[in-house]
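The values are calculated or read from the model by the stated rules, or taken from the named source; none is laboratory data. It should be emphasised that the depicted structure is a prediction, and the values quoted were computed from it without experimental measurement. Cβ placement follows ideal geometry from the backbone for every residue including glycine, while neighbour counts extend to all protein chains displayed.
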Amino acid sequence: MNNEEMFSRLVENAFDFLFKAISEIEGQPKYSVIHFYAAVELFVKARLMKEHWSLVISQRQEADWDKFIVGDFQSVTLTEAANKLRKIVRSGLAKAELDAFKEVANDRNKMVHFFHEAHSEEESGKFKRDIVKKQLKAWFFLHQLLIAKWKKEFSSWDDKIAELDEKLRRLHEFLQVIFDNLKPQIEENKKKGIQYDECPSCGFEAQELCEDENTIYEAKCLVCGLAEKSLNIQQCPECGETVTLKEEGFGQCQSCGKHLEPEDVAGALIDSGAAHIAAMEGDDSWGEGNCSDCDGYHTVVRTENDEWICASCFGVFESLEACGWCNELNTGDMEDSYVAGCNHCDGMADWHKDD
Ligand SMILES: [Zn+2]
Ligand SMILES: [Zn+2]
Ligand SMILES: [Zn+2]
Ligand SMILES: [Zn+2]
């Protein structure tokens, strides 16, 4: 047995549990919750394992390959795994991803320790809908990881991932009743000019957009609750229509199809009048800043609403500080930056390294 075989086995198991979880929603929802979470945990562990098998073992134990291959070890918790992904693998989970996984983890714990049978048809229906919402949300994020960020590691399972995606998306039938109940209200709101997009998690046209421009807001799905960081920019640089972007500064204009990048978004967001006047007066607090969250270079701009927005990762900041060494504005903590530098320079320490 080698590392690669153990990895494949873990991934196969994860798929197995997911298919099982889907089949159990209707008849045995309690087991669906337990198996679904087991699958999520296995995928995360598999990613760790691809880096090194010992990462799957809890910090409290010494790593021992012979024990590992026979399953005689204590494995990492979800939180531990997330930390290792960030610190060691350098491919961490975003907050929304970890939150969605933690929700299914909490449900799993409830099922194991406190589950009681539903007493009525209504109660049981609501119970299943709650599960489906959380599973769809967790799958939305897991699927993204498997086909984008962790694509290289999981590409051998492309077909299975696609098959699962199709099956899981069919679960949205469980949520049809929620959508039907909301429909009159949604129709009413549409007449008032409120826009709805198709939710990327549950597929219903129930993701409510806000009209505000040049500010980050949460577009929340009224059916499943998925919220995406969204931004409306007033003018597409190509056609001049309003564009809505989700989660990041890469996207497409809904009117003309132009592909937008953070640079275009920054250009559209910046309060150019105020920045121009400030520059003339020698006030450099309006310059473009660097983002220490996403490593964006000059992606952070000050908007007319007097907030700083990263046009790449959609982080919002009240103010920026300048790096003590390179003098560039940055979203991070710049207290020790004269010596340590920022994420775009190495500071004084590096300067004197060769002396
Ligand atoms: Zn939804
Ligand atoms: Zn356009
Ligand atoms: Zn950023
Ligand atoms: Zn610097």
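Among the listed residues Gly347, Gly332, which satisfies the condition of being on the phi > 0 side of the Ramachandran plot, within 16 Å of ligand 4 (Cβ to nearest atom) and either modelled with pLDDT of 95 or more or surrounded by fewer than 21 Cβ atoms within 10 Å (Cβ to Cβ) (or both)?
Only one candidate qualifies: Gly347.
Would you check if Ala148 is surrounded by fewer than 17 Cβ atoms within 10 Å (Cβ to Cβ), more than 26 Å from Gln28 (Cβ to Cβ) and at pLDDT below 95?
When the stated conditions are applied, Ala148 passes them.
Is it the case, given these coordinates, that Phe127 is farther than 24 Å from Arg169 by Cα and over 20 Å from the mean Cα position of the chain (by Cα)?
For Phe127, the condition - farther than 24 Å from Arg169 by Cα and over 20 Å from the mean Cα position of the chain (by Cα) - is not met.
Which of the residues that make up region 1-16 are of a type in the set (Phe, Trp, Tyr) and free of Cβ contacts under 8 Å to residues at least 60 places away in the same chain?
Phe7
Being in a loop (DSSP other than H, G, I, E, B) and either crowded, with 22+ Cβ neighbours inside 10 Å or touching a residue at least 24 places away in the same chain (Cβ under 8 Å) (or both) narrows it down to one residue among Glu238, Glu213, Glu228, Glu263; which is it? Spell out the reasoning first.
Working: Glu238 fails: either crowded, with 22+ Cβ neighbours inside 10 Å or touching a residue at least 24 places away in the same chain (Cβ under 8 Å) (or both); Glu228 fails: in a loop (DSSP other than H, G, I, E, B); Glu263 fails: in a loop (DSSP other than H, G, I, E, B).
Checking each option against the conditions leaves just Glu213.
Could you check region 241-253 and list, in sequence order, the residues that are more than 16 Å from ligand 3 (Cβ to nearest atom), surrounded by 14 or more Cβ atoms within 10 Å (Cβ to Cβ) and part of a strand (DSSP E or B)?
Val243, Thr244
What is the number of the single condition among (1) in contact with a Ser or Thr (Cβ under 9 Å, 6 or more places away or on another chain); (2) among the hydrophobic types (A, V, I, L, M, F, W, C); (3) more than 26 Å from Phe19 (Cα to Cα) that Val89 does not meet?
Condition not satisfied by Val89: (1).
Is there any pair with a first residue in region 292-307 that is touching a residue at least 60 places away in the same chain (Cβ under 8 Å) and farther than 21 Å from Ala340 by Cα and a second that is of a type in the set (Asp, Glu) and away from ligand 4 (no atom under 16 Å from the Cβ) whose Cβ atoms are under 8 Å apart and which are 6 or more apart or on different chains, and what are they?
Matching pairs, first to second residue: Thr303/Asp271; Glu304/Asp271; Glu307/Glu318.
Given the options Cys256, Cys326, Cys313, name the one that is within 16 Å of ligand 2 (Cβ to nearest atom) and either in a loop (DSSP other than H, G, I, E, B) or at positive phi (or both).
Cys256
Just wondering, is there one or more residues in region 73-80 that are surrounded by 20 or more Cβ atoms within 10 Å (Cβ to Cβ), of a type in the set (Ser, Thr, Tyr) and under 30 Å from Lys128 (Cα atoms)?
Within region 73-80 (the criterion being surrounded by 20 or more Cβ atoms within 10 Å (Cβ to Cβ), of a type in the set (Ser, Thr, Tyr) and under 30 Å from Lys128 (Cα atoms)), the answer is no, since none of the residues qualifies.
Condition check: at pLDDT below 95 and among the acidic types (Asp, Glu). Does Asp159 satisfy that?
no
Which of the residues spanning region 10-42 are crowded, with 20+ Cβ neighbours inside 10 Å and acidic (Asp, Glu)?
Glu41
Those residues that are of a type in the set (A, V, I, L, M) and within 14 Å of Thr79 (Cβ to Cβ), I need them from region 105-119; list them, please.
Ala105
I need the helices (runs of 4 or more DSSP H) fully contained in region 1-110, keeping only those with at least 2 residues that are closer than 25 Å to Asp165 by Cα.
3-24, 29-51, 78-84
Is it true that some residue in region 273-295 is of a type in the set (S, T, N, Q), out of contact with any Phe, Trp or Tyr (no Cβ under 9 Å at 6 or more places or on another chain) and assigned by TED's automatic domain parsing to the domain that holds Cys313?
yes
Can we say Arg60 is under 23 Å from Glu247 (Cβ atoms) and loosely packed, with under 13 Cβ neighbours inside 10 Å?
Answer is no for this residue.
Suppose we filter region 197-210 for residues that are without any contact (Cβ under 8 Å) to a residue 24 or more places away in the chain and either within 16 Å of ligand 4 (Cβ to nearest atom) or within 20 Å of Phe250 (Cα to Cα) (or both); how many remain?
Residues flagged as without any contact (Cβ under 8 Å) to a residue 24 or more places away in the chain and either within 16 Å of ligand 4 (Cβ to nearest atom) or within 20 Å of Phe250 (Cα to Cα) (or both) within region 197-210 amount to 3.
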